[in-house]
Each structure stands twice: as C-alpha cells, then as structure tokens.
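This report concerns only the one structure given below.
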Amino acid sequence: MIDVHCHLNFHSFENDFDEVIKRAHESGVEKIINVGTSLESSQKAVELAKNYENLYSIVGIHPHHADKLESGWEKELETIAKNKKVLAIGEIGLDYFSYKSNGIVNPSLQKKIFETQIQMAHKLKLPLQIHNRQAGKDILEILKSHKNILKETPGMFHCFAGEIKILKTALALGFYIGFDGNITYNGIAPGENTSLKDLVGYTPLERIVTETDAPFLTPIPKRGSRNEPSYVIIVGETIAKIKNTSFSEVDKITTQNAMSLFKLNAMR
C-alpha cells in the first residue's frame, strides 16, 4: 500500500522516524508521502525524502498558516517545490472550522493563498492535494474558476469529508479521494451530515487513495495512541469491508491509483 499523506516531519516523530519508517515497510507499506503545511515543515519533508528511497514529499501552505506568511513566501515555496522528490502542492485549500487554538483564519486571505498555490502548481506541472474542512462549496468554486489551468488529473482531496454532492463534483472534476483512519470511527463528525463510511461506499475504488494523516486520526483499534504510516493497512482493510471486497484488491487498486496520480512509475 501507499500512505499518500502523513506528517513524519512533525515533532511527534523527531525521535524515532527511522523506526516508524521501518515498521511501515515491514507492514507492507511500499511508499510514504510526507506532507508540509508551512514553509518550515515543507522544507523538512523534502530533507527527509532525500534520505529514504521510498519516502516522498508534498509541499505547501495549509490554510491555518495563511495569516503567518511573510513577504517572499511564494518564491521560497517554489524553490522547495522544485526538488525532484516533490510530488504535488499541498496540503492547500480552505478550512472554516473554528479550532480552539487557531480560530478561523480570514476566509478571503485563505482564498488568496489557495489560488496562488494553484497557479504555482500549474507553473510547476504538479497536481494538488486539497485540504477541505467545511468549505467544500467555496473550494469547488475556486477549482472550477481555475479549471483551464488544472492538470488532466488535477490531484486529490485529502481526508475527504462532506456531502455526497461535494464528492460528486470533486469526482467529476477528475480528483482522486483520500480516506484516513477516521473511516473506522462511528457516527458523523461535528459539522458534517454524511458518514465517512457512506462516502467511502459511494466513491469508486478506482478513484480512492489511502492515507493516515499521522500522527493524527489514529484508526480503531489503535485509537488513543500516535498514528503512523503502518496503520494505513487498517484503512485499506476498512475500505475492503465497506465495499465488500478483498484487502488484496483494495491494496492493488489504491496503489495503482497513487502511482498514477503522482507519476511514481516514472520515478522508479
């Protein structure tokens, strides 16, 4: 399998990422894609990728950091993104959920930073990795308005949540859909009206990619501990149960999806 979104560049892993990567590969995780959320964490993701054959990176500015940027950030991010092991621009997008520690960053500023990074991805010929939390309508409007510069396979939605209507539109635009360990949770997340299991059921397997968002969203039965890339296997097993198919089929197809989306075949 492939974990297309985790954060080994975060402090939670600074003392043992060697062991974490080893456990993932021993569990059957073929490749790991490490994702930045700021200039600092994006640079760290690239540095880690340089040291491991099957570790790659995605770089970008998360909407939470849209109000923390200094002049010249675009040039700095573009320089980071030109590294050969950078596969996409992300995680970028919009987030209208109010967090205790961060509140809601000004939506207009979020949109500006999002659009700038869409244009950067076009310039660098890279796909997008989209972060959406309770902002699906606005994200889709922005993507539609930039449709002429999106790649034929434009990217993926990370940790998808929202209405079936949003999912249908994302699929129609050509995006792949990422699911994480929270698909093992019961109920519906705060602010949402559709269960993740229903979203998994609706999404064609040929358009699904698997991820962990480690160290966050640890799947059951590991919930309560730090998440890590080896647990993407649990995500795959859960998708197989929801879709009434074999784990080997989920493993095969989602791996092919990730390889195709991020052009990993060309990097072998």
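For this structure, a couple of remarks:
- Centroid-to-centroid, using Cα positions, the range 155-188 and the range 1-37 are 22 Å apart.
- Amide N proximity, the range 173-217 versus Asn244 label position 7 Å along Cα-to-Cβ, cut-off under 18 Å: 197-206
- Global geometry of the range 226-268, whether rounded, prolate or oblate, following the gyration tensor of its Cα atoms and the 1.5 cut on a/c: oblate
- With both labels modelled 7 Å from their Cα along Cα-to-Cβ, the Ile149 to Gln256 distance reads 3.4 nm.
- Cut-off 15 Å, label 7 Å out along Cα→Cβ of Lys125, residues of the range 72-87 by amide N: 82-87
- Counting every other Cβ atom within 10 Å of each residue's Cβ, Glu228, Glu237 order from fewest to most as Glu237, Glu228.
- Its relative contact order, with pairs defined as Cα atoms under 8 Å and 6+ residues apart, puts the chain at 19 percent.
- Highest-first arrangement of 3-10, 87-94, 246-253, where packing means the average Cβ count within 10 Å: 87-94, 3-10, 246-253
- Between Tyr202 and Tyr99, the contour length at 0.36 nm per residue exceeds the Cα-Cα span by 34.2 nm.
- Those residues of the range 61-75 whose amide nitrogen sits under 18 Å from the label point placed on Asn106, 7 Å along Cα→Cβ: 62-74
Where a number appears in this text, it was derived from the coordinates with a stated rule and is not lab data. A quick note: this is a predicted structure, and the numbers were derived from the prediction, not measured. Counting neighbours? That spans all protein chains shown, and the Cβs are built from the backbone with ideal geometry, glycine included.
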